[in-house]
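The structure appears below as structure tokens.
The values are calculated or read from the model by the stated rules, or taken from the named source; none is laboratory data. These figures come from a predicted structure and were not determined experimentally. Every residue, glycine as well, gets a Cβ built from its backbone with ideal geometry; the counts of neighbours run over all protein chains shown.
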Amino acid sequence: MVFMIWGYIVVINIVAFIVYGIDKHKAIKGRWRIPESTLIGLTVIGGGVGALLGMLIWHHKTRKWKFKLLVPLFLALWAGFISFILLCYE
């Protein structure tokens, strides 16, 4: 079970990082954008590390208070959840 959780976390964070990059590219090109709710949603479902790295590397959504608050918050919540799971299953 722990391996499945780690696999999920790795995949969702890669997806979040890529989606932030795609949205940044679309913003530069003036194209249709990915909704903010989708970007935040990726963080909510476990993609906090990918979202934070996407924000920092792509310089995307770094000025929006929602992202500055919610991405670290959900990242911390997931870190706590994973720590709890690891402590329970070791």
Does the stretch 56-68 contain any residue that is among the aromatic types (Phe, Trp, Tyr) and closer than 25 Å to Ile5 by Cα?
-> yes
Show the residue pairs that are 6+ apart or on different chains and have beta-carbon atoms under 9 Å apart, the first residue being within the stretch 1-29 and at pLDDT below 95, the second being of a type in the set (S, T, N, Q) and surrounded by 13 or more Cβ atoms within 10 Å (Cβ to Cβ).
-> none
Residues of the stretch 9-67 classified as more than 28 Å from Leu86 (Cβ to Cβ) and either touching a His at 6+ places or on another chain (Cβ under 8 Å) or not hydroxyl-bearing (Ser, Thr, Tyr) (or both), total | 24
